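Here the structure is laid out as structure tokens; the discussion comes afterwards.
The values are calculated or read from the model by the stated rules, or taken from the named source; none is laboratory data. Just so you know, these numbers come straight off a predicted model, no measurement behind them. Glycine gets a Cβ as well: all are built from the backbone with ideal geometry, and neighbour counts include every protein chain shown.
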Amino acid sequence: MPNYCDICCLAFEENRCPVCGRKSARSVQPDDMCFLTEQEALWSGMLADVLAQNDIPFVQKNVLGAGVSLTIGSMLERVRFYVFYKHLPKAEEIVEELFSPSDEEDDDENQEEQC
Ligand SMILES: [Zn+2]
């Protein structure tokens, strides 16, 4: 059974949380919210759609505050997704399919094809 960090909402196999280093992690429970992935705002809508289609409940948290995104533009905003631990394997599969690094356009940062 993996451990779980309440602070980071992260499930992991190590003894201590790899993000905050906290040692007093507990065993993860099926209904714990677990960090799934962080995506650009551009892609978060697509991921949200696919998760909903697969009946996977999720929580989205914007990484940058609204004030910041007004200044630098919402396209640069990033969104974190959290799902229940019991849905994590399926959700990770979906993320892998959607955001596979084998995509040749992966390092093309210009989204000029967008209308
Ligand atoms: Zn942590």
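Considering only segment 14-30, I want to know if a residue exists there that is away from the ligand (no atom under 13 Å from the Cβ) and over 18 Å from His87 (Cβ atoms).
no
Picking from Met75, Met46, Met33, which residue would you name as being loosely packed, with under 15 Cβ neighbours inside 10 Å, of a type in the set (A, V, I, L, M, F, W, C) and at pLDDT 90 or above?
Every option except Met46 fails the conditions.
Within segment 49-56, is there a residue that is surrounded by 12 or more Cβ atoms within 10 Å (Cβ to Cβ), in contact with a His (Cβ under 7 Å, 6 or more places away or on another chain) and at pLDDT 95 or above?
Scanning segment 49-56 turns up at least one residue that is surrounded by 12 or more Cβ atoms within 10 Å (Cβ to Cβ), in contact with a His (Cβ under 7 Å, 6 or more places away or on another chain) and at pLDDT 95 or above.
List every residue pair whose Cβ atoms lie under 9 Å apart, where the two residues are 6 or more positions apart in sequence or sit on different chains, the first residue falls within segment 1-17 and is assigned to a strand (DSSP E or B), and the second residue, located anywhere, is more than 6 Å from the ligand (Cβ to nearest atom) and of a type in the set (Lys, Arg).
Filtered contacts from segment 1-17: Asn3/Arg16; Asn3/Arg26; Tyr4/Arg26; Cys5/Arg16; Cys5/Arg26.
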